[in-house]
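K.L.:
Quick one: structure below, then a few questions.
The values are calculated or read from the model by the stated rules, or taken from the named source; none is laboratory data. Here the structure is a predicted model, which means the values were calculated and not measured. As a convention, Cβ positions derive from the backbone with ideal geometry for all residues, glycine included, and neighbour counts pool all protein chains shown.
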Amino acid sequence: MMVYLDFEKPVAALEARILELQDAARDSDVDAGAEITKLRAKADKQLKDTYANLTAWQKTQVARHPERPHFKHYIEAMFEDFMPLAGDRAFGDDQAIIGGLGRLNGRRVMVIGHEKGDDTQSRLRHNFGMGKPEGYRKAIRLMELADRFGIPVVSLVDTSGAFPGIQAEERGQAEAIARSTEKCLALGVPMIACIVGEGGSGGAVALAAADRILMFQYAVYSVISPEGCASILWRTGDKAADAAQAMKMTADDLKALRIIDRIVAEPIGGAHRDHAAAAAALAAAIDEELVALSGFSSKELLQQRRAKFLSMGA
């Protein structure tokens with residue numbers, strides 16, 4: 001059964017009624033087609049109206065939806081011949097950050113991203129998408145490999161932040177994140193970063209310092225979570241909604257601030273309602289941006305990327 005968010009309750013009630021009528025119609029000779037059609041139209045309108053007026057906090061909830069597609073879903077839907085490449089060649093293989101070679105519309109790319117998992121077992125295996133130092137060092141290794149062979153890099157960002165545990169700190173978490181960010185900025189090949197869910201803190205920036213930053217319509221991107229911000233400013237997580245609004249962390253806000261370059265539209269009701277449509281829209285946007293960047297030399301890419309990030313906040 002679909003998981004409904006708190007603000008989706010009116011839609012949930014209508015869709016529950018539709019299911020009841022469909023079940024009743026199967027068990028009897030009653031023709032409920034007209035009523036079902038009427039309710040479906042009403043539910044679709046309610047869903048469209050609801051998602052047209054989401055607050056920043058509600059968009060944060062959508063970005064965290066348990067049924068929202070993750071890295072593995074995009075790999076299956078968008079990339080052909082994907083070959084995962086594991087390990088940082090120093091400590092181990094971090095399953096929170098996955099990467100490898102694949103083809104997007106026939107174009108070979110190096111794709112790297114966060115994987116959160118979609119059930120208890122996989123979420124534990126992937127550490128809820130919170131990368132450790134070996135994950136970011138793996139990303140650096142794969143970016144260096146792509147740079148050496150002239151292969152564009154695509155990153156899919158979806159993390160609440162890098163893993164804050166003592167083991168990660170012992171292995172140099174801050175240094176690994178800084179080196180990964182540095183490598184993004186130093187690439188001589190095109191890089192497209194896509195914020196597909198949560199883009200949280202340095203754990204997201206480490207894979208998002210790209211030539212073009214794309215962001216899904218209901219994704220969020222910020223230096224800290226709304227709950228973390230609220231706990232610092234107001235000493236309570238109850239102010240998370242206020243923090244989300246003040247932090248300007250939605251796609252519309254970030255596009256206006258020139259932090260991101262392009263907003264990718266999601267299916268009505270969010271990417272979790274139609275994985276295939278979301279993946280198709282993202283694939284088309286990435287392909288367009290790669291085509292646009294393909295004519296630039298390494299020197300030109302570096303100059304443009306430098307100018308892009310130095311101009312932020314000016």
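K.L.:
In the set His73, His65, which member is assigned by TED's automatic domain parsing to the domain that holds Glu115 and outside any loop (DSSP other than H, G, I, E, B)? Spell out how you get there, then give the answer.
P.N.:
Working: His65 fails: outside any loop (DSSP other than H, G, I, E, B).
Only one candidate passes the filter, namely His73.
K.L.:
Which members of region 3-15 meet the condition of being surrounded by 13 or more Cβ atoms within 10 Å (Cβ to Cβ) and farther than 13 Å from Asp44 by Cα?
P.N.:
Tyr4, Leu5, Phe7
K.L.:
Confirm whether Gly228 is buried (at least 16 other Cβ atoms within 10 Å of the Cβ), at pLDDT below 95 and either more than 15 Å from the chain's Cα centre (by Cα) or farther than 30 Å from Met1 by Cβ (or both). Full working, then the answer.
P.N.:
Values: buried (at least 16 other Cβ atoms within 10 Å of the Cβ): yes; at pLDDT below 95: yes; either more than 15 Å from the chain's Cα centre (by Cα) or farther than 30 Å from Met1 by Cβ (or both): yes.
Here the answer is yes, as Gly228 does meet what is asked.
For every residue, the table says whether it meets (1) outside the structural domain of Phe149 (by TED's automatic domain parsing); (2) farther than 14 Å from Leu185 by Cβ; (3) more than 22 Å from the chain's Cα centre (by Cα).
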| position | (1), (2), (3) |
| --- | --- |
| His275 | no, yes, no |
| Ala285 | no, yes, no |
| Ser297 | no, yes, yes |
| Leu301 | no, no, yes |
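K.L.:
Scan region 94-122 for residues that are of a type in the set (Gly, Ala, Ser), touching a helix residue (DSSP H, G or I) at 6+ places or on another chain (Cβ under 7 Å) and not in a strand (DSSP E or B) and report the count.
P.N.:
Adding up the residues that qualify gives 2.
K.L.:
Given the criterion under 24 Å from Ala280 (Cβ atoms), free of Cβ contacts under 8 Å to residues at least 40 places away in the same chain and of a type in the set (Asp, Glu), identify the matching residue among Glu35, Glu20, Glu76, Glu8. Show your work before the answer.
P.N.:
Details: Glu35 fails: under 24 Å from Ala280 (Cβ atoms); Glu20 fails: under 24 Å from Ala280 (Cβ atoms); Glu8 fails: free of Cβ contacts under 8 Å to residues at least 40 places away in the same chain.
It is Glu76.
K.L.:
Let me ask another. Taking the conditions exactly as written (of a type outside the set (D, E, K, R) and either more than 20 Å from the chain's Cα centre (by Cα) or surrounded by fewer than 17 Cβ atoms within 10 Å (Cβ to Cβ) (or both)), does Phe91 satisfy them or not?
P.N.:
Here the answer is yes, as Phe91 does meet what is asked.
K.L.:
Which residues, taken from region 257-314, are crowded, with 16+ Cβ neighbours inside 10 Å, of a type outside the set (A, V, I, L, M, F, W, C) and out of contact with any helix residue (DSSP H, G or I) (no Cβ under 9 Å at 6 or more places or on another chain)?
P.N.:
Result: Asp274, Asp287, Glu289, Lys308.
K.L.:
Would you point out the residue of region 40-99, among those that are of a type in the set (Asp, Glu) and touching a Phe, Trp or Tyr at 6+ places or on another chain (Cβ under 9 Å), that is nearest to Glu8 (Cα to Cα)?
P.N.:
That would be Glu76.
K.L.:
Please find, within region 119-159, the residue that is farthest from Phe79 (Cα to Cα) out of those that are polar (S, T, N, Q) and surrounded by 22 or more Cβ atoms within 10 Å (Cβ to Cβ).
P.N.:
Asn127
K.L.:
Of everything in region 211-233, what is outside any helix (DSSP H, G or I), over 26 Å from Ala281 (Cα atoms) and out of contact with any helix residue (DSSP H, G or I) (no Cβ under 7 Å at 6 or more places or on another chain)? Give them in sequence order. Break it down into steps so the answer makes sense when it comes.
P.N.:
Of region 211-233, the ones outside any helix (DSSP H, G or I) are 211-225.
With the extra rule that they be over 26 Å from Ala281 (Cα atoms), the set shrinks to 223-225.
Within region 211-233, just Ser225 meets the criteria.
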